[in-house]
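Engineer: To start, I am sharing the structure in question, which I have written as structure tokens.
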Amino acid sequence: MRPSFFHHLHPPTIPADQARWRFTLGAGGLSLFLAAVLLVTGLLLMFYYVPTPEEAALSVQTLTFLVPYGGLVRHLHYWAAQFLVITAVIHLGRVLLTGAYARPRRFNYLLGLGLLILILLLDFTGYVLRWDEGIRWALVVGTNLLKTIPPTNLGQAFYGLVIGGTEPGAATLVRFYAWHIVGLFLPLLVLVGWHIFRVRRDGGIAAPPLEVADGILLGDELRRRERIDRFELVRRETIAALLAMAVLLVFATFLPAPIAPPIGTTDQQVAHAQAPWFFLWVQGLLHLGDPFWMGVLVPLGILVLIALIPYVLPQPPPEEQGRWLPRHGRLAQVVTVVMLVFLIVFTLRGLLEK
């Protein structure tokens, strides 16, 4: 069989052990598939969405309830965005817990971290584009955090740059719309391509060198050298994509995306206001003290800590790569688990505290 263009996007062969679901968790491929779903559904939604304060929420309602299959497309877009956050976090966690951030993959690790940041910002801007009462807390409190950046004139300048005025309004919605479809998604596409290119350039999926693998793996010689070709890899990815699409359709059919009445004035009190679930941990932190420290510095500190792991912590040697929990990556594993527990605890705190 002659390889197609899609086949040529994959390496000719990869190690069989590191291609198994129990090692990769399928998170990288699923993230790419979900991004493709978001691109297609997002383009369809643009035909009906109107980015003005008067029409935004109404256009979402029209799309959901009156346009044929509009609700299904919107729900698919919503759930693909939520699952993309989950698969991207799982992918990052797998990289950390398998030591796949070691040389020569340190730069690609940073590219992956940048992709996760863009995904979170895309989810946040898309969340605000609903422009209904359900997004008020995220809009007002999230943008007000910019005002806390010292000195005061710098914070105010950032705030004005983001919302386009002294308070959220028409300019805010237009800017979030522009960021969502151009300022964030286009860089996401660039980083995805760069990330995939670096995977190929850095030697493919992390695995022990062949001469090392021969000495540490159990089984006969054929088993130790087993690899799968790009045709088998594409077949597995196709099956995973079909299963993921089936799950998305189930969620989109039985769990519709949130919708609320159009947003009113920005100083109106909203009952049970909450941040989107992926930023609930920030809401939980804000209950502890100063907004600048809890809402800006602590999240930035966590981000810097994650970025520095490949550069300041011990790295697993080549013979330990391609397996879970390598011995020389213990410190990175402890840091990863501690951060995960921290995020879960404060997410629950943000969920329970109003």
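Engineer: What is the chain's relative contact order, in percent, from Cα pairs under 8 angstrom and six or more apart in sequence?
Structural biologist: The normalised contact order for the chain reaches 29 percent.
Engineer: How would you rank Trp21, Trp281, going from fewest to most other Cβ atoms within 10 Å of each one's own Cβ?
Structural biologist: The most exposed by this proxy come first: Trp21, Trp281.
Engineer: Do the sum for the chain: with -39,500 (n - 2.57) for every DSSP H run of n ≥ 4, divided by all residues, what is the mean residue ellipticity at 222 nm, to the nearest 500 deg cm²/dmol?
Structural biologist: After summing the helix terms and dividing by residue count, I get -20000 deg cm²/dmol.
Engineer: If you don't mind, there's one more thing I want to ask. Sorted by average packing, counted as other Cβ atoms within 10 angstrom per residue and highest first, what order do 136-142, 164-170 take?
Structural biologist: In decreasing order of mean packing, 136-142, 164-170 become 136-142, 164-170.
Engineer: For a quick check: with amide H placed at 1.01 Å from N, whose amide H comes under 5 Å from Arg227's, ignoring anything fewer than 5 positions away on the same chain?
Structural biologist: Ala16
Engineer: Based on other C-beta atoms within 10 Å, arrange Arg236, Arg130, Arg201 from fewest to most.
Structural biologist: Ordered from fewest to most neighbouring Cβ atoms within 10 Å, Arg236, Arg130, Arg201 come out as Arg201, Arg236, Arg130.
Engineer: Apply the Karplus curve 6.51 cos²θ - 1.76 cosθ + 1.60, θ = phi - 60°, to the phi angles in the range 188-198 and return the couplings in whole Hz, x for Gly and Pro.
Structural biologist: Values per residue, Gly and Pro as x: 4, 4, 5, 5, 4, x, 5, 4, 5, 4, 5 Hz.
Engineer: Taking the Cα centre of the chain as the origin and placing charges on Cβ (Lys, Arg +1; Asp, Glu -1), which of Phe342, Leu97, Met294 is farthest toward the positive end of the dipole?
Structural biologist: The one lying farthest along the dipole's positive direction is Leu97.
Engineer: Express in % the proportion of alpha carbon pairs of the chain at distances exceeding 32 Å.
Structural biologist: 38 percent
Engineer: Would you mind ranking Leu118, Leu84 by Cβ crowding within 10 Å, fewest neighbours first?
Structural biologist: So the ranking, lowest neighbour count to highest, is Leu118, Leu84.
Engineer: Using r as the Cβ-Cβ distance of Thr166 and Trp137, and R0 as 22 Å, what FRET efficiency do you calculate, to the nearest 0.05?
Structural biologist: 0.70
Engineer: Compute the angle between helix 70-98 and the longest alpha-carbon principal axis of the chain, please, reported from 0 to 90 degrees and rounded to the nearest 10.
Structural biologist: 50 degrees
Values in this text are rule-based calculations from the coordinates and carry no lab data. It should be emphasised that the depicted structure is a prediction, and the values quoted were computed from it without experimental measurement. Neighbour counts are summed over all protein chains in view; Cβ atoms, including those assigned to glycine, are modelled from backbone coordinates with ideal geometry.
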